[in-house]
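Since the structure comes first, as structure tokens, the remarks are kept for the end.
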Amino acid sequence: MTTTEILFFILTGIAFFSGAMVVMSRNPVYSVLYLITMFFAIAGHYILLNAQFLAVVHIIVYAGAIMVLFLFVIMMLNLNKETEPHNPPWVKIAAVVAGGMMMATLVGALKQASGPLTKTNYDTTIGTVERLGNVLFSDFLIPFELSSALFLAAMVGAVMLGKKNIH
Amino acid sequence: MPLQWYITLSALLFGLGVLGVLFRRNAIVILMCIEMMLNAVNLLLVAFSAHHSDPHAQVFVFFVMAVAAAEVAVGLAILIAIYRNTRTTDIDFLNQLKH
């Protein structure tokens, strides 16, 4: 077993365990903390896949910004173990059966996927800022500019919704 | 690294996200499980990008991240507005659109 494969299995184990703990944790604060662990494991996978810039952006955007927002909202609303609603047992069993069948179907369907799954002319520099910047500002310039409009709309909407009602 | 391993991993993570949406009743945890599903898809895009030596898929990951950030900002603002009025984030209680 090579070092890369060992790292792959360690990161996969961390990602799957913390993903399961996000669903299982009683306290929403623990869910957020386990989700941060999962994001770091996924960032490790990105580095293994030669997507170094994406790994850094992933940590900054997800673990840095989005998860702080979640943690802040959970603590502001003071949600904890006592206020957590619980489903009746039959709903939980039904959810586990449905989710497990979805998982099995996805794995089974994707395992049958055909096509060129072997590496062809492998290039280790595709994840660098230079290559990604070239693609982003030549082929995807209009979507890039539109995403700024999306952010502005989301920001204005969040402020409008967050304001107290004016009567 | 075989591509099938990454396919299996992201299918498992996506399944966990679906399970969380079905399993939990707290709306904030459901938003977090949606983030998990988006991350599974991102991981698959990066794996395909690495195996085909094509940076285009990694640009799509950027756009998924941008949309996810906007979605979380608006979603959490909506949840706070709902919490102010109803004092709960239980999705079984939040079915007023039905009545």
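Could you say whether any residue in the range A:137-160 is in a loop (DSSP other than H, G, I, E, B), surrounded by 15 or more Cβ atoms within 10 Å (Cβ to Cβ), under 23 Å from the mean Cα position of the chain (by Cα) and modelled with pLDDT under 90?
Step one: list which residues in the range A:137-160 are in a loop (DSSP other than H, G, I, E, B), which gives A:139-140.
Among the residues that remain, those that are also surrounded by 15 or more Cβ atoms within 10 Å (Cβ to Cβ) are: A:140.
Keeping just the survivors that are under 23 Å from the mean Cα position of the chain (by Cα) gives A:140.
Filter once more, so that each one left must be modelled with pLDDT under 90: none.
Within the range A:137-160, none of the residues are in a loop (DSSP other than H, G, I, E, B), surrounded by 15 or more Cβ atoms within 10 Å (Cβ to Cβ), under 23 Å from the mean Cα position of the chain (by Cα) and modelled with pLDDT under 90.
With the condition being over 21 Å from B:T86 (Cβ atoms) and in contact (Cβ under 8 Å) with a residue 40 or more places away in the chain, I'd like the helices (runs of 4 or more DSSP H) fully within the range A:1-92 carrying at least 3 qualifying residues. Give the derivation first.
On the way: elements: A:3-24, A:28-48, A:52-58, A:67-76.
Qualifying helices (runs of 4 or more DSSP H): A:3-24, A:28-48, A:52-58.
Can you tell me how many residues in the range B:27-61 are of a type in the set (D, E) and either in a helix (DSSP H, G or I) or modelled with pLDDT of 90 or more (or both)? Explain how you work it out, then say what you get.
Initial filter on the range B:27-61 (of a type in the set (D, E)): B:35, B:54.
Right, trim to either in a helix (DSSP H, G or I) or modelled with pLDDT of 90 or more (or both) and you get B:35.
Residues flagged as of a type in the set (D, E) and either in a helix (DSSP H, G or I) or modelled with pLDDT of 90 or more (or both) within the range B:27-61 amount to 1.
Could you grab me the full set of residues in the range B:34-83 that are among the polar types (S, T, N, Q) and touching a residue at least 24 places away in the same chain (Cβ under 8 Å)? It would help to see each step written out before you state the result.
Applying the first criterion (among the polar types (S, T, N, Q)) to the range B:34-83 yields B:39, B:42, B:49, B:53, B:58.
Result: B:N39, single match.
From the list B:A68, B:A73, which residue is within 17 Å of A:K163 (Cα to Cα), modelled with pLDDT of 90 or more and not aromatic (F, W, Y)?
Working: B:A68 fails: within 17 Å of A:K163 (Cα to Cα).
That would be B:A73, the only listed residue that is within 17 Å of A:K163 (Cα to Cα), modelled with pLDDT of 90 or more and not aromatic (F, W, Y).
Would you tally the residues in the range A:1-39 being more than 10 Å from every other protein chain (Cβ to nearest Cβ) and among the β-branched types (V, I, T)?
7
Considering only residues that are in a loop (DSSP other than H, G, I, E, B) and surrounded by fewer than 23 Cβ atoms within 10 Å (Cβ to Cβ), look in the range B:1-26 and name the one that is farthest from the other protein chains (Cβ to nearest Cβ). Spell out the reasoning first.
Keep residues of the range B:1-26 that are in a loop (DSSP other than H, G, I, E, B), which gives B:1-2, B:24-25.
Pick out the ones that are also surrounded by fewer than 23 Cβ atoms within 10 Å (Cβ to Cβ) and you get B:1-2, B:25.
On the way: B:M1: 6, B:P2: 8, B:R25: 4 Å.
Filtering first and then ranking leaves B:P2.
The values are calculated or read from the model by the stated rules, or taken from the named source; none is laboratory data. No experiment lies behind these values; they were computed from the predicted model shown. Cβ sites come from the backbone with ideal geometry, for glycine too, and all protein chains shown count toward neighbours.
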